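For reference, the structure is listed below as structure tokens.
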Amino acid sequence: MTASMRRANAEDAHFLTDGSTFIAKRANMQHLRALVQGGAVLINPYHTLFLIEPTPGMPIAWRFGEFLFSDEAQAMLRDFGRDRFGEPMYNDRGPRPLSGAIPEGVHDAEAVRPQSVCRRHS
């Protein structure tokens, strides 16, 4: 994506990219500026996906997914990039999704099915 951004910058062209890439690379792209940001059509959610069939690492994966929804992890995501780029690269997750059923083979009564980790910063 960075190579395409450099070309758009060199040719004064339009380019579509995610906000975090633009934040990280814009210092080297003097001819590029954001024309449109935010809005429902440009949301770029991140998801945590799990296999349905049991695997040896499934309980750890589910605990990691649950960690991603924790206040601690969400604070890290919400502030990521602020010190280096002057603004955060991500927003928090927004409302927590409804808990899902724990698949067979997962032995963690507190586990829930995480669905979306964070929303793109707009």
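What follows draws every value from the coordinates through simple rules; no lab data is involved. This is a predicted model, so every value here is computed, not measured.
Overview of values
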quantity	calculated
Gained length - residue 51 relative to residue 91, 0.36 nm times residue gap less alpha-carbon distance	11.8 nm
q = 0.18, 0.21, 0.26 Å⁻¹, segment 21-83: log10 I(q)/I(0) [Debye, one scatterer per Cα]	-0.90, -1.01, -1.16
Residue-span extension gain [residue 43 to residue 18] - 0.36 nm each, minus C-alpha spacing	8.1 nm
